[in-house]
Amino acid sequence: MTQLEFNIALLGLQDKLLYYALSLTLDREKAKDLLQDTFLKALTHRDKFIQNTNFKAWIYMIMKNTFINNYHRNIKVKNIFDVSNNDFHLKFSYDKSYPSSESIYSSKEIIKYIHALNDDYKVPFTMFLDGYKYREIAKVFNLPVGTVKSRIFFARKKLQKSLTEYSS
């Protein structure tokens, strides 16, 4: 595929990619940014496109991966800074105490039980704990939203059953 053919194919998908970006971000400005990032990555990595493969699927995968990476990056950046002159001091919540050694032990046990779950339950459940919405999880795995909700529900029930000793 020549550079010209590549550019024409990419521009031909612009409207459809914008609709897909809108479905992912639910915000017109963020969708335009995602579209621009996708175009930039596609043009930058044009040499990685394999001839006689599905160009449209390749571009959509770039957009989906860009969205997921941005989502994870934004979750990590959510820090609240103190309003003092020194921006390096993080604002800590004073109404919460630090975890006790017993609660740390409990957290390790809970994580162990989560990792013991079947992947069909574990992966959607951990994504939900990481802040993904049901709709986002459903899109990643190409599942109905109801299936995602039930898997998360059953993961909670299995964990609750496994962790009965910690409920008292």
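The values are calculated or read from the model by the stated rules, or taken from the named source; none is laboratory data. Fair warning: this is a prediction, and the values are worked out from it, not measured in the lab. Cβ placement follows ideal geometry from the backbone for every residue including glycine, while neighbour counts extend to all protein chains displayed.
In this structure, is Asn85 exposed (fewer than 14 other Cβ atoms within 10 Å of the Cβ), modelled with pLDDT under 90 and closer than 25 Å to Val140 by Cα?
no
Inside the range 1-30, can you point out the residues that are in contact (Cβ under 8 Å) with a residue 40 or more places away in the chain and β-branched (Val, Ile, Thr)?
Thr25
For the range 17-31, which positions are in a helix (DSSP H, G or I) and of a type outside the set (Asp, Glu)?
Leu17, Leu18, Tyr19, Tyr20, Ala21, Leu22, Ser23, Leu24, Thr25, Arg28, Lys30, Ala31
Restricted to the range 103-151, and to residues that are among the β-branched types (Val, Ile, Thr) and more than 24 Å from Asn70 (Cα to Cα), which residue is surrounded by the most Cβ atoms within 10 Å (Cβ to Cβ)?
Here the residue is Ile114.
Go through the range 32-59 and report how many residues are assigned to a helix (DSSP H, G or I) and either within 23 Å of Leu22 (Cβ to Cβ) or outside the structural domain of Ala21 (by TED's automatic domain parsing) (or both).
17
Kindly evaluate Lys139 against the criterion of being assigned to a helix (DSSP H, G or I) and touching a residue at least 60 places away in the same chain (Cβ under 8 Å).
Yes; evaluated as a whole, the condition is true for this residue.
Within the range 61-69, is there a residue that is over 18 Å from the mean Cα position of the chain (by Cα), at pLDDT 90 or above and not small (Gly, Ala, Ser)?
no
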